[in-house]
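*Asks:* Right, I'll just put the structure down here and ask away after.
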Amino acid sequence: MLRWVVIVGGGIIFILLLFADKTNLTNLPEAVIQSSASTGGSKLPPLGSDPKLDTWIAEMGNLEGAGKATILDSVVSRLADRGRFAYAADFGEQLLTVENNIDTKRRLGILNYRASKLTFVSSDPELFGKYSSRGIQLLEEVTSNIPNDEPALLNLGLAYTESRQQQNSMKGILTIRKVLELNPDNVEASFMLGMFSIQTQQWDKAKSRFEKVLELDPENANANFQLGYVLSQLDNKAEARGFVEKAIELSDDPQLSAEARTLLNTF
């Protein structure tokens, strides 16, 4: 089956921020080395120098309370903006000690989930277990306090399904379904349930899910591709062709475009 219809093993596709904590700089500032070790990030690849970030980390050692929380908040945000989700999650553990509230737990739960999807993390069982379990724990704490928290529920559902724990698979699907019960127009939840339906070859259910996504977001290239694929499995290749061609037109992802062209060649 094409890569774009695989939702396990390689991770779920819809979530957009799949950047890796990689480096092309080897001169790591001492402050960053110390901070990395203190947050348990010694197995992470080196983090390239960032003057503003280095300054904040150096200042942080002399601060406590609100001042330290402000600096840590800036550090976590800058690392997340750079796609360094594992480092952001580790510094977030320090933030949680001085700013322990629901908003911080939600933010860090999502960061840990995103960290678990990084290539170098997902290929290392120890690192994957660390970030995956930490993300689930934090998001469970959020949803136990705020049962209707859509972002926390959606990311918790995704974290469950990608946890590599068989007992969590159905929990993940049920959690994402709850998101749609709260908000039937949640595009991400509909998309992911469509992907689960593809995995189980429930083609009619998948068709309705992706039709809903495109009703809400007609310019979604991946949803157009997935609907085209589903229609081809339902032996409706004439209609499928239009969606696959539109996916190619809309996509800025060369690999998705290439796979869409491969699918067209099978019609």
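*Asks:* Quick one: with all protein chains in place, what share of the accessible area of region 82-144 is carbon or sulfur, to the nearest percent (1.4 Å probe)?
*Replies:* Roughly 47 percent of what the probe reaches on region 82-144 is carbon or sulfur.
*Asks:* Please compare each pair in Lys52/Lys130; Lys171/Lys237; Lys68/Lys130; Lys105/Lys205 to a cut-off of 30 Å on the Cα-Cα distance and tell me which ones are over it.
*Replies:* Checking Cα-Cα distances, Lys171/Lys237; Lys105/Lys205 exceed 30 Å.
*Asks:* For labels at Ile102 and Leu234 in the simple 7 Å Cα→Cβ model, what's the distance in nm?
*Replies:* 4.0 nm
*Asks:* Report, in debye and to the nearest 20, how large the dipole of region 138-267 comes out about its Cα centre when Lys and Arg carry +1 and Asp and Glu carry -1 on their Cβ.
*Replies:* 520 debye
*Asks:* Still on this model: How much accessible surface does Glu150 have with a 1.4 Å probe, in Å² rounded to 10?
*Replies:* So the heavy atoms of Glu150 present about 50 Å² to solvent.
*Asks:* Also, I was wondering about something else. How large a share of the accessible area of region 164-267, in percent, is made up of carbon and sulfur atoms when the probe is 1.4 Å and the other protein chains stay in place?
*Replies:* The value for region 164-267 is 45 percent carbon and sulfur by accessible area.
*Asks:* Shifting gears a bit: Shape verdict for region 155-209, please, from the Cα gyration tensor: rounded (a/c under 1.5), prolate (a/b greater than b/c) or oblate.
*Replies:* It comes out oblate by the Cα gyration axes.
*Asks:* Run the simple label-point estimate for Asn183 and Ile146 please: 7 Å along Cα→C-beta, distance reported in nm.
*Replies:* For the pair Asn183/Ile146, the computed spacing is 1.1 nm.
*Asks:* Give the cross-link partners of Lys178 among the aspartates and glutamates, using a straight C-alpha distance below 15 Å as the criterion and excluding same-chain residues fewer than 8 apart.
*Replies:* Glu140, Asp149, Glu150, Glu188
*Asks:* Another question about this same structure. So, R0 is 51 Å and r is the distance between the beta-carbons of Asn62 and Arg261; what FRET efficiency does that work out to, to 0.05?
*Replies:* 0.35
*Asks:* In region 192-236, which GluC sites (Glu not before Pro) are in a loop and have at most 14 other Cβ atoms within 10 Å, using DSSP for the loop call?
*Replies:* Here the sparse-neighbourhood loop sites are Glu219.
*Asks:* Peptides 235-241, 168-174, 188-194: what's the order by average Cβ count within 10 Å, highest mean first?
*Replies:* Highest-to-lowest ranking by the protection proxy: 188-194, 168-174, 235-241.
*Asks:* Can you give the three extents of the C-alpha atoms in region 176-254 along their principal axes, from longest to shortest, in whole Å?
*Replies:* Principal-axis extents of the Cα atoms in region 176-254, largest first: 34, 26, 20 Å.
The values are calculated or read from the model by the stated rules, or taken from the named source; none is laboratory data. Being a predicted model, the structure only gives us computed values, none of them experimental. Note that we place each Cβ from the backbone using ideal geometry, even for glycine, and neighbour counts take in every protein chain shown. The protein model used for the area step is the full one, side chains on, heavy atoms only, and it has no ligands, DNA or RNA in it. Shrake-Rupley method; radii C 1.70, N 1.55, O 1.52, S 1.80 Å.
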